[in-house]
1. In this structure, does residue 246 turn out to be surrounded by 21 or more Cβ atoms within 10 Å (Cβ to Cβ), part of a loop (DSSP other than H, G, I, E, B) and touching a strand residue (DSSP E or B) at 6+ places or on another chain (Cβ under 8 Å)?
2. State whether the residues of region 262-277 include one that is exposed (fewer than 15 other Cβ atoms within 10 Å of the Cβ), in a helix (DSSP H, G or I) and at negative phi.
3. Is there a residue being in contact (Cβ under 8 Å) with a residue 60 or more places away in the chain and within 26 Å of residue 298 (Cβ to Cβ) anywhere in region 68-81?
4. Conditions: (1) modelled with pLDDT of 95 or more; (2) surrounded by fewer than 20 Cβ atoms within 10 Å (Cβ to Cβ); (3) in a loop (DSSP other than H, G, I, E, B). Residue 142 meets all but one. Number of the miss?
5. Applying the selection to region 307-334, what residues are under 30 Å from residue 217 (Cβ atoms) and more than 17 Å from the chain's Cα centre (by Cα)?
6. Which residue out of 287, 320, 304 is surrounded by fewer than 18 Cβ atoms within 10 Å (Cβ to Cβ), out of contact with any helix residue (DSSP H, G or I) (no Cβ under 6 Å at 6 or more places or on another chain), within 21 Å of residue 101 (Cβ to Cβ) and modelled with pLDDT of 95 or more?
7. Please name all residue pairs, on different chains or six or more residues apart, with Cβ atoms under 8 Å, provided the first residue is in region 85-112 and is more than 17 Å from residue 74 (Cβ to Cβ) and not assigned by TED's automatic domain parsing to the domain that holds residue 62 and the second residue is outside any helix (DSSP H, G or I) and at pLDDT below 95.
8. Pick from 75, 32: which is out of contact with any strand residue (DSSP E or B) (no Cβ under 7 Å at 6 or more places or on another chain) and over 24 Å from residue 325 (Cα atoms)?
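The values are calculated or read from the model by the stated rules, or taken from the named source; none is laboratory data. Bear in mind that the values here come from a model prediction, so they are computed numbers and not experimental data. With ideal geometry, Cβ positions are generated from the backbone for all residues, glycine too; neighbour counts draw on all protein chains shown.
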């Protein structure tokens, strides 16, 4: 009898604990954790600025309110960060990245050092659908592509991959003209300083939104020329700021095949400042991150912060980007072949 009473007491005690645990709310995964945003470029550029802008708000919409930690990992046009995110970073949803918008195109072109499949990344969202521009310094004397064609002499800084390499090469083939690319710069900020010092006269691939955000004073002072814009359609804001009609690169296509190849090159304007998670992150956490991104894009404080910083917000969702990246990776072989010839 005594043994039975003891067993019953133990059973009651255990059962009571189990019921109490069941009644307690589940602890959010992100509670007490850091969410690391790895930016593939140096501090001070557009990718860094947008990542930090989002980081100041997105934590509010993630259950558990993690601490946001932004870390810069420059190298090879963000390829160092892309490879790290794909192959090394934790796959539990505590690490996301901001990578160059040409990430899927770099894969399609089989650029050296690519160690990822862009379609297997989990794309979270992009705050700005944004055309790119090719720019020169005022002292270059090259204000338009007509000047470049007649005078030549483009000396463009590059972070080692992506638009800063591909776009100047394409311009040199289409016009044709000479263009020299100087690699080794960690990001846009370093390229801009080199242009001011006279070491370079060109940035072949610069996102328009970050140009306004980080080079606004230089533009107002007339220190920069906008040669051409890259995107699916022309952005009238670019022409308005330039004070003249800035053409699309497709206007310089020599054939329909050229035009298709140039559209492939410019297709990543929808990926201007993307946030992306590694492959293998649990689907429910990707949903949390995508929802938090979408909510951030509507947050009044976030939008006010963006306006004060001179940063445009024209978002596209992670689901839409995922479909676009898949389409890029599956591009027609003939378009890829011609685009490669234009960019090498």
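1. On the way: surrounded by 21 or more Cβ atoms within 10 Å (Cβ to Cβ): yes; part of a loop (DSSP other than H, G, I, E, B): yes; touching a strand residue (DSSP E or B) at 6+ places or on another chain (Cβ under 8 Å): yes.
Yes; evaluated as a whole, the condition is true for this residue.
2. Within region 262-277, not a single residue is exposed (fewer than 15 other Cβ atoms within 10 Å of the Cβ), in a helix (DSSP H, G or I) and at negative phi.
3. Step one: list which residues in region 68-81 are in contact (Cβ under 8 Å) with a residue 60 or more places away in the chain, which gives 74-79.
When the remaining residues are screened for being within 26 Å of residue 298 (Cβ to Cβ), the result is none.
So far as region 68-81 goes, no, none of its residues is in contact (Cβ under 8 Å) with a residue 60 or more places away in the chain and within 26 Å of residue 298 (Cβ to Cβ).
4. (2)
5. Those that are under 30 Å from residue 217 (Cβ atoms) and more than 17 Å from the chain's Cα centre (by Cα): 307, 308, 309, 310.
6. Working: 287 fails: within 21 Å of residue 101 (Cβ to Cβ); 304 fails: within 21 Å of residue 101 (Cβ to Cβ).
Among 287, 320, 304, only 320 is surrounded by fewer than 18 Cβ atoms within 10 Å (Cβ to Cβ), out of contact with any helix residue (DSSP H, G or I) (no Cβ under 6 Å at 6 or more places or on another chain), within 21 Å of residue 101 (Cβ to Cβ) and modelled with pLDDT of 95 or more.
7. Final answer for the pair search is none.
8. 32
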